[in-house]
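Student: First, the structure itself, so that you have it in front of you.
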Amino acid sequence: MTGQVRTVDGRVAGRRGQATRQKLLDCLSEMLSASPYRDVKVIDVARKAGTSPATFYQYFPDVEGAVLELAEEMAKEGSELTELVAGRSWVGKAGRQSAEELVDGFLDFWRRHDAILRVVDLGAAEGDKRFYKIRMKVLSSVTGSLTDSIKELQAKGKVDKEVSPAAVAGSLVVMLSGAASHQKGFTTWGVKQAELRPNLALLVHLGITGKKPAR
């Protein structure tokens, strides 16, 4: 952890306090992976971390407050998705690679953060603006980069001028996030994980360039 970490009452936490706070967050993250969000209680998180509810409340107002901390950290890591788009080529074989790496990045990011992303999606769906803003923070940066990529292709005459870069980019990002969050569900439709990746990459490439990727 970097920078100053404060307790709920505004005091700066020392090294030991920071370690305790991080352990509470780590334990909460583990519990969210195994239990429904609303079933997770402060006393259970504290017990798992080997401390007391009173200590938990020194750092977080409630479970939801701690979940928001986890969500904010996850959103910061979302910048790696933008790096999969910015400055990439969408022409020829390089375009195929760009599409595949973007898909791989989304699928991997969602697998690593599945538990907290499920909570963020739930909160956003229920109208909680805090969770909605976090979800948009994760998705907006990569949407912006994809929009720029399509505009660049339009300027070079490689994409039809009637195409709306923002609409296409936003649609592709929603598709990717939806598919990434539903990875386990694809198996019930008879779709193997090995089949999901190349077909998503095909759709991404078609959406951005209007063409099938080069072989």
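Just so you know, all these numbers are worked out from the coordinates, no wet-lab data involved. These numbers come from a predicted model, not from an experiment. Neighbour counts are summed over all protein chains in view; Cβ atoms, including those assigned to glycine, are modelled from backbone coordinates with ideal geometry.
Student: Report the full-extension gain for the segment Ala194 to Tyr37: residue separation times 0.36 nm, less the Cα-Cα distance, to one decimal in nm.
Tutor: Computed gain between Ala194 and Tyr37 is 53.5 nm.
Student: For the chain, find the longest principal axis of its Cα atoms and tell me its angle to the long axis of helix 15-34, 0 to 90°, nearest 10.
Tutor: 60
Student: For a Förster distance of 41 Å, can you work out the FRET efficiency between the beta-carbons of Ala125 and Arg215, rounded to the nearest 0.05?
Tutor: Here the calculated transfer efficiency is 0.55.
Student: Relative to the compact globular guide of 2.2 N^0.38 Å, what is the alpha carbon radius of gyration of the chain, as a ratio?
Tutor: 1.20
Student: Would you please name the trypsin sites (Lys or Arg not before Pro) within the stretch 148-201 that are DSSP coil residues with at most 13 other C-beta atoms within 10 Å of their C-beta?
Tutor: Sparse-neighbourhood loop trypsin sites (Lys or Arg not before Pro): Lys156, Lys161, Lys192.
Student: A follow-up question, please. Working out 0.36 nm times the residue gap between Lys161 and Leu206, then minus their Cα-Cα distance, what length gain in nm do you get to one decimal?
Tutor: 14.6 nm
Student: For the stretch 107-196, state which GluC sites (Glu not before Pro) are in a DSSP loop and have at most 16 other beta carbons lying within 10 Å of their beta carbon.
Tutor: Answer by residue number: Glu126, Glu162.
Student: Dipole magnitude of the stretch 74-209 about its Cα centre, charges +1 at Lys/Arg Cβ and -1 at Asp/Glu Cβ only, in debye to the nearest 20?
Tutor: For this selection, approximately 80 debye.
Student: Further, regarding this structure: Over the C-alpha atoms of the stretch 52-115, what are the Rg and the largest Cα-to-Cα span, Dmax, in Å?
Tutor: Calculated on Cα positions, Rg and Dmax stand at 17.8, 59 Å.
Student: With springs only between Cα atoms under 10 Å, which of Thr51, Thr187, Thr147 fluctuates most in a Gaussian network model of the chain?
Tutor: Highest fluctuation of the listed residues: Thr187.
Student: Still on this model: Put +1 on the Cβ of each Lys and Arg and -1 on the Cβ of each Asp and Glu in the chain; which of Cys27, Ser98, Ala75 then has its Cα farthest toward the positive end of the dipole?
Tutor: Ser98
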